[in-house]
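To start, the structure itself, in structure tokens.
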Amino acid sequence: MAAKKKQSQPAATDQLQLTFNSTAGTLKKKRTDDSPEPSSHPEAQSVAASQKTPDSTPDETSAARPTRKRTKAATAESMAAAQREISISEFFAKNRHLLGFDNKRKALLTAVKEAVDNSLDACEEAHILPEIQITIAQQDEDRFRITVRDNGPGIVKNQIPNIFGKLLYGSKFHRLRMSRGQQGIGISAAGLYGLLTTGRPIQITSRLPKKKEAHHYQLQIDTKKNKPDIVKEDIVPVDWANGTEVTIDLLASYIKGRQSVDEYLLQTAIANPHCTIIYKSSQDPQVEYRRTVNQLPLIPDEIKPHPHGVELGTMIKMLDDTAAKFLGGFLQSEFCRVSPGLCQQVCKQAGLSAKTSIKQLDGTKIEKIYKALQQAKLMAPPTNCLAPIGAEQILSGLLQGVKAEFYTASTRPPAVYRGNPFQVEVGLAYGGELGPSPTDISFGNETAAPPAARVIRFANRVPLLYQQSACCMFKSVLDINWSNYSISQSRGALPSAPLLIMIHLASVWVPFTSEAKEAIADYDEIRKEIRLALQECARRLGLLLSRKKRSQAFARRRDVFTRYIDELVSSTVAIARINRESLRNNLLKIAQRHTRVADQQYDEHGKLIEQDQADTPLANTIVVKPTTAPDTSNVSLFESDATTTEPSKKRRARKKIRTLS
């Protein structure tokens, strides 16, 4: 039996091997009678399917998988033939989010902002008080037409196509002076966006002073060549004396809020109180922001670059372009703050002479000169290239745009970062329509809650409405310990108070984080100046809040005194023969004398009114008297006896005591 079992095993093995090979060879052949039938159970079928090897179905796999032709390998010659120059217009047409055209709402704001900024710059350079008219007309659900017109000097005819139909074309990029525009991209990029989204050209009408007619253009941008294509050119009559009018059709969305066109124009009016802005919208009535200052800001002067703000590669390029023949002339003519004595010192340290020819300078010698300039002790660059708003004009702008109780402003002295001069200004508005004061909430209005403070940012008088958390200005506000100035603040958050914080940075070159000009880069020098300006204004605000708290504390103390004066007078009269009115008046005088702080009043500059000793007014500060009815809870304490009412039981008890006495 054992032998038979051993002989039967190879046969079974051969049968299984035969079955496997036949199955692998062709799928159409049937199984043998001795082979087990395939199971009809779903689990068994899935197990059988999973045990199949890829080699078992080559025909089926090749039929299901799509065939892909092999591409020809690229060669150096074919790759070189595919190379071509990329136009700056073509680049920004595909990357328009870099210029601030991320979405429809932001696109409308960016287009209006670029046109208004150009109008303000043109008017100020021509010494004209700006008057700007903005019109937004809705033509379809998501299609708008914006028109911006100014009263500036106008634009020369042959410059109109290049200014509005060519990117990176302008007059402000190479000069070191404060201005709103810098790169020559903004208004032409707005026209490019309108062309891409609506297919309509940008329209420009400009009239020079003392000219009867105006030049009208319709332009498109050739993105491949970065050149303007003139669609239409004409001479048209206009009913305004001089200026420029720009019309752009674009795909946009009009939504009100903190990051809307309405908010931008309000903040522009705050930072430019010398400007009149007339805003017309198809959805809202006309809004006007009239100028509150009839004086133009100082026109900044152009300065030479400072040696500490120039890099080695830039200096090499300056040497190639200079008209000077000798090294000494180059250093004194191309840089600021380089005197003849300092020039001799730098040349000596570099092992050269001031009379060394520019043509004899090689890379090694130029690097020695550069290192000597960086190590030299130079004066800070001149600040006549800046035109700050000024504390008084900041107060005028805040008074027009914000209805508050307390205003203060501060302008820091000029400072330098990377050789570029800059100046920081801060304005604060507190209370009023911004919300209830924490001191008022603490005493008698526990249901209300103080709102969070709000930060509005400006760079060269231009509002910054996006990327607040990435901006150096916003981070500087969070770094201040506002609790030192009687204002509550949570960790890593804005202070909780009815407070508006305005921060302005004026510089010849604003360090924006992107081409969209939405946030300021974080430089230690800039952050330090912002912190110092904020602390100066916060100290004045803290002084006001401490005065209010002290006045309220003495008012409550007086309330306690006067609450028991009548009781004391009645009890004293019941015991002794004393003149009732005389005693009451004397006690009231004592209460008033000990709580006279509650009656102190201050003028609009925070100076104490009607006091014996002199008080120093707060600089650049305005305190507005509230227009609402004052709290009469403390005023009625000193009214006559006829107005005071007592409980009937007490009156009967006192009458009985007088009768018995």
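Does Ser571 qualify as being at pLDDT 80 or above and either outside the structural domain of Gly181 (by TED's automatic domain parsing) or part of a helix (DSSP H, G or I) (or both)?
yes
Tally the residues that are in contact with a Leu (Cβ under 6 Å, 6 or more places away or on another chain) and without any contact (Cβ under 8 Å) to a residue 12 or more places away in the chain, restricting the search to the range 216-261.
0
With over 20 Å from Ile394 (Cβ atoms), in contact with a helix residue (DSSP H, G or I) (Cβ under 7 Å, 6 or more places away or on another chain) and either modelled with pLDDT of 90 or more or assigned by TED's automatic domain parsing to the domain that holds Leu588 (or both) as the only criterion, which of Ile520, Ile526, Ile503, Ile565 stands out?
Answer to the check: Ile565.
Could you tell me whether Thr205 is at pLDDT 95 or above, in a strand (DSSP E or B), assigned by TED's automatic domain parsing to the domain that holds Ser119 and within 29 Å of the chain's Cα centre (by Cα)?
So Thr205 does not fit the description; no.
Within the range 474-500, which residues are in a helix (DSSP H, G or I) and within 22 Å of the chain's Cα centre (by Cα)?
Matches in the range 474-500: Phe474, Lys475, Ser476, Val477, Leu478, Asp479, Trp482.
Tell me, please, whether a residue that is assigned to a helix (DSSP H, G or I), open to solvent by 40 Å² or more (accessible area, probe 1.4 Å) and free of Cβ contacts under 8 Å to residues at least 12 places away in the same chain can be found in the range 378-401.
no
With the requirement that a residue be among the charged types (D, E, K, R) and open to solvent by 100 Å² or more (accessible area, probe 1.4 Å), what does the range 76-106 give you?
Hits for the range 76-106 are Glu77, Arg84, Glu85, Lys94.
Exactly one condition in (1) open to solvent by 10 Å² or more (accessible area, probe 1.4 Å); (2) in contact with a strand residue (DSSP E or B) (Cβ under 6 Å, 6 or more places away or on another chain); (3) at pLDDT 90 or above is false for Pro450; which is it?
It is condition (3) that Pro450 fails.
Among the residues of the range 168-188, are any part of a strand (DSSP E or B) and surrounded by 18 or more Cβ atoms within 10 Å (Cβ to Cβ)?
yes
Filter the range 563-583 for residues that are of a type in the set (Ser, Thr, Tyr) and surrounded by 14 or more Cβ atoms within 10 Å (Cβ to Cβ); which is nearest to the chain's Cα centre (by Cα)?
Ser570
Pairs please, first residue from the range 334-351 and over 13 Å from Lys365 (Cβ atoms), second anywhere and assigned to a helix (DSSP H, G or I) and among the polar types (S, T, N, Q), Cβ atoms under 8 Å, 6+ apart in sequence or on different chains.
Val338/Gln332; Ser339/Gln332; Pro340/Gln332; Cys343/Gln332
Please indicate, with yes or no, whether at least one residue in the range 234-253 is within 20 Å of the chain's Cα centre (by Cα), open to solvent by 40 Å² or more (accessible area, probe 1.4 Å) and not aromatic (Phe, Trp, Tyr).
No, the range 234-253 has no match at all.
Do we have Arg200 as within 22 Å of Asp222 (Cβ to Cβ), among the basic types (Lys, Arg) and assigned by TED's automatic domain parsing to the domain that holds Phe101 here?
Yes: the conditions hold for Arg200.
I'm trying to understand the selection: among the residues of the range 334-376, which are surrounded by fewer than 17 Cβ atoms within 10 Å (Cβ to Cβ), of a type in the set (A, V, I, L, M) and assigned to a loop (DSSP other than H, G, I, E, B)?
Ala376
Considering only the range 297-331, how many residues are farther than 29 Å from Asn460 by Cα and either open to solvent by less than 20 Å² (accessible area, probe 1.4 Å) or part of a helix (DSSP H, G or I) (or both)?
9
Determine whether Ala404 is modelled with pLDDT under 90 and closer than 20 Å to Glu536 by Cα.
Yes, satisfied.
The values are calculated or read from the model by the stated rules, or taken from the named source; none is laboratory data. From a predicted model like this one, the values you see are computed outputs, not experimental measurements. FYI the Cβ positions are ideal-geometry reconstructions off the backbone, even for glycines, and counts take in every protein chain you see. For the accessible areas, the whole protein counts, side chains as well, though only heavy atoms, and no ligand, DNA or RNA atoms are used. Shrake-Rupley method; radii C 1.70, N 1.55, O 1.52, S 1.80 Å.
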